[in-house]
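Student: Quick one: structure below, then a few questions.
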Amino acid sequence: MPKPDLHLHSTFSDGLLTPEEIVRLAIQAHLPAIAITDHDCIDGVKPAQSAAAGTGLLVIPAVELSATYDGRSLHILGYHIAITSERLRARLADLRSARLERARIIVDALRAGGYELDPDDILRPSSEGVVGRAHIARQLVEQGIARDMDDAFRRFLADDAPYYVPKPSTPAVAAISWVIESGGVPVLAHPGLSRVDDLIPALVDHGLAGLEAYHASHDPGTATRYVEMAERYDLIVTGGSDFHGSEREGGPIGSSGAPDGAIRRLEAARIRREGSR
């Protein structure tokens, strides 16, 4: 039976499909629930919820925040956040502005290096959502400068590539706090990719409530390890495909999902937090 896919990216960040298109795919796949988890942006949630109205598909409001702890990178997923929170929206707007400035620096450097890219074509998504390296990579491919997305990242944009610029991030403690303050439930995204197992106890002390044990990049052994760790720290186990609409990132929609009981536990955690505010 299809499971909830709680990690999906739309055109409001670095995904290729609109929220409405994602909803259609989720319905076709008979998924019971999804979460649009765009990077530093919640503007795709409402369109997805509107598209899903009356279909039986549950769309959980969510976001994915880039964060750091002790100099190491990780991502925090926030579920059941209040998308009307002006404080959260202001914080996300600041993050998007920083990402846009980063994109401008990268594009200017590429142009100075002799690569004729049109800044408007790349930066235009800023009117809709977040601009990231994926938008630049796609332009490099479209212009024939790179063979494909992997080639674009490897030669130009990866962490060890010549045009890499560090992305803006938030201290993990602050990211967790933002999620909690907006009524949400903070979950550590794809811990098998982040490789911060030793930091999880400290993150739990700061309010982390779940682990994304099931992810497109996690093999069965990795998933089992994080399920056991979640049980040890009484954390909610979640899961998602990290779908972006391309082969480079994540898996097909519904290819990795949250286990039975995850939706109920996330909702219960939301209600507890709401009652304590």
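Values in this text are rule-based calculations from the coordinates and carry no lab data. Just so you know, these numbers come straight off a predicted model, no measurement behind them. Cβ placement follows ideal geometry from the backbone for every residue including glycine, while neighbour counts extend to all protein chains displayed.
Student: If I fit a long axis through the Cα atoms of helix 19-28 and take the longest principal axis of the Cα atoms of the chain, what angle between them do I get, 0 to 90°, rounded to 10?
Tutor: Roughly 50 degrees, rounded to the nearest 10.
Student: I'd like to compare 14-20, 73-79, 4-10: which one has the highest average count of other Cβ atoms within 10 Å, and what's the full order after that?
Tutor: So the order, starting with the most tightly packed, is 4-10, 73-79, 14-20.
Student: For all pairs of alpha-carbon atoms in segment 97-157, what percent lies in each bin of width 10 Å, listed from the first bin to the last filled one?
Tutor: All Cα pairs considered, the percentages come to 24, 59, 16.
Student: Place a +1 charge on the Cβ of each Lys and Arg in the chain and a -1 charge on the Cβ of each Asp and Glu, then give the dipole magnitude about the Cα centre in debye, rounded to the nearest 20. Spell out each step's value before the answer.
Tutor: Details: 29 positive and 39 negative charges, 108 e Å.
So the magnitude is around 520 debye.
Student: Something else now. What share of all Cα pairs of the chain, in percent, falls into each consecutive 5 Å distance bin?
Tutor: 1, 6, 13, 17, 19, 17, 13, 8, 4, 1, 0, 0
Student: Answer with one residue from 196, 32, 117: the one whose Cα lies farthest towards the positive end of the charge dipole of the chain, charges on Cβ with Lys, Arg +1 and Asp, Glu -1.
Tutor: My answer, from the dipole projection, is 32.
Student: On to the next question. Which of 63, 141, 173 moves the most in a Gaussian network model of the chain with Cα springs under 10 Å?
Tutor: Top of the fluctuation ranking is 141.
Student: Here's a follow-up. Rounded to the nearest 5, what % of the DSSP beta bridges within the chain are antiparallel ones? Could the numbers behind the result be given before it?
Tutor: On the way: 12 of 29 bridges.
In the chain, DSSP labels about 40 percent of beta bridges as antiparallel.
Student: When DSSP beta bridges are limited to those with both residues in segment 1-134, what percentage is antiparallel, rounded to the nearest 5?
Tutor: On the way: 8 of 15 bridges.
Of the beta bridges lying entirely in segment 1-134, close to 55 percent run antiparallel.
Student: On full extension of the chain, what length is gained from residue 164 through residue 86, given 0.36 nm per residue of separation minus the C-alpha to C-alpha distance? It would help to have the intermediate numbers written out before the result.
Tutor: Numbers: separation 78, 0.36 × 78 = 28.08 nm, distance 3.23 nm.
So the chain would gain 24.9 nm between residue 164 and residue 86.
Student: Could you size up the charge dipole of segment 1-104 around its Cα centre, putting +1 on the beta carbon of Lys and Arg and -1 on that of Asp and Glu, and report it in debye to the nearest 20?
Tutor: On the way: 11 positive and 12 negative charges, 23 e Å.
Roughly 100 debye, rounded to the nearest 20.
Student: Still on this structure: What does the charge dipole of segment 147-277 about its Cα centre add up to, to the nearest 20 debye, if the Cβ of each Lys and Arg holds +1 and the Cβ of each Asp and Glu holds -1? Provide the component values of the computation, followed by the final result.
Tutor: Working: 14 positive and 20 negative charges, 72 e Å.
So the dipole magnitude of segment 147-277 works out to roughly 340 debye.
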